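As C-alpha cells, the structure follows; a few thoughts come after it.
The values are calculated or read from the model by the stated rules, or taken from the named source; none is laboratory data. Model, not experiment: these values are computed from the prediction. Because the Cβ atoms are built from the backbone with ideal geometry, glycine has one as well, and the counts that use them run over all protein chains shown. Calculation scope for accessible area: heavy atoms of the full protein, side chains included, ligands and nucleic acids excluded. Shrake-Rupley method; radii C 1.70, N 1.55, O 1.52, S 1.80 Å.
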Amino acid sequence: MFGRPSHLLLALALAVPATAIAQGFEYAPSTGQYRISSKTKGAQEAMGQKQEFESSNDQLLTVTVARQAKDTLNVTLVIDSVKAVGPMGMTPPGLDKLIGVKIAAKLAPYGAVYSAVGPTDDSIPQGTQITDEMSRFLPRIRAKLASGATWTDTTVGKVKQAGIDVDRRVVAKFTVIGDTTVSGEKSWKIARETTTSLSGSGTSQGQPMTMEGTANGKATILVSQKGVFVGSSNEDQANIKIVLAANGMEIGVTTTANTKVEKVK
C-alpha cells in the first residue's frame, strides 16, 4: 500500500473502504501485534494499451488500545516491520522510513475515528494517506452482537489520495454469522459486504486530473467476546477511471485485492 505510483494508490485505496456504523459493541483496553498480508492483481489500460501488474506487502503492526474516557479510546499504532513488492517487481522507495512510524488516534469505543496524528507527506511518502488508513485499522462495529444480527450503514466522507481530494460513499451490510473460537478465545464471526463509490479531482505528480470509481468487497471480521479485534480477511474488486486534464487522456485501472489480518500475539 506504500510507494506505488499515484494512480495505483487511488485504485488500491478502494481496497480499504471505511467500515460502517451500527450500536453496543466496545473495544476493550489491550495490546497486540498483528500481521497484515495483502496481494493485489490488476490492469491499467490507456490509449488502447493494457498493462497487467501485481503487488504485495506484509507488515507487522503493534496496536495498543487504552480508555481515555467513557466515550473515547486512545489507540497507538506502530509499524514494526514492512516488506513490499511494487507493480514493477521492485521494492518501493522509502520503505525503510516506515519502520517505527507511529500513529496516535482518538476513537469512539466502537471504532469510529475522532482524530489521528502521524507522519506528514514532508516526512515520508504518502504520510497523510498512511495516517488515515492506519487510524482506521480497527473495524467500526456499532451494534449489539448476537447470532443472526444484521444491520446496514452508510458512511460518507472526504479523503485525500496522492494529492487528489476524493469524496467517498460506502454502504456496508453486516451479518453476525455466529460465534467461534480463535486461539482459545470465544469470538464473534461477522460477514461484511461493501459497495463503495468515489469521485474527486486534484493534482498528482504535477498533473491536474479527475477520477471516479466503484468497488465491491466481501469480508469476514473476527472480534473476541471480550472486545478485542482478532483478525479479518477480505477481497475487494475496484474499477476506476482517471482523466488527465492536460490532454484528456483516460486511464482505466481495475484491481482485485486480497487482505488478511492475523493477531499474532
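Things to note:
- Residue within the range 100-107 that is more than 19 Å from the chain's Cα centre (by Cα) and closer than 17 Å to Arg142 by Cα present: no
- When Thr154 is tested against (1) buried (at least 20 other Cβ atoms within 10 Å of the Cβ); (2) under 17 Å from Val113 (Cβ atoms), just one condition goes unmet, and that condition is (1).
- Residue in the range 60-81 that is in a strand (DSSP E or B) and more than 30 Å from Gly227 (Cβ to Cβ) present: no
- One residue stands out among those in the range 165-214 that are open to solvent by 70 Å² or more (accessible area, probe 1.4 Å) and among the β-branched types (Val, Ile, Thr): the one that is nearest to Glu235 (Cα to Cα), which is Thr195.
- Tabulated pairs, the range 86-100, first outside any loop (DSSP other than H, G, I, E, B), second surrounded by 12 or more Cβ atoms within 10 Å (Cβ to Cβ) and of a type in the set (Val, Ile, Thr), C-beta under 9 angstrom, 6+ apart or interchain: Leu95/Val82; Asp96/Val82; Lys97/Ile124; Leu98/Ile79; Leu98/Val82; Leu98/Ile124; Leu98/Ile130
- Of all the listed residues (Val156, Val182), the sole one being without any contact (Cβ under 8 Å) to a residue 24 or more places away in the chain and either closer than 23 Å to Asn57 by Cα or in contact with a strand residue (DSSP E or B) (Cβ under 9 Å, 6 or more places away or on another chain) (or both) is Val156.
- Test: residue in the range 215-222 that is without any contact (Cβ under 8 Å) to a residue 24 or more places away in the chain, part of a strand (DSSP E or B) and touching a strand residue (DSSP E or B) at 6+ places or on another chain (Cβ under 7 Å): yes
- Condition check for Thr256: open to solvent by 60 Å² or more (accessible area, probe 1.4 Å) and either assigned to a strand (DSSP E or B) or under 24 Å from Gly24 (Cα atoms) (or both): no
- Each residue in the range 69-106 was checked for being at pLDDT below 90 and open to solvent by 50 Å² or more (accessible area, probe 1.4 Å), and 8 of them qualify.
- Matching residues in the range 223-253 - criterion: being more than 14 Å from the chain's Cα centre (by Cα), within 17 Å of Gly178 (Cα to Cα) and in a strand (DSSP E or B): Val223, Ser224, Phe229, Val230
- Top-ranked residue of the range 24-59 - restricted to ones that are in a loop (DSSP other than H, G, I, E, B) and closer than 29 Å to Asn239 by Cα, ranked as least open to solvent (accessible area, probe 1.4 Å): Gly48
- In this entry, Gly111 passes the filter for residues that are at pLDDT 90 or above, part of a loop (DSSP other than H, G, I, E, B) and in contact with a Pro (Cβ under 7 Å, 6 or more places away or on another chain).
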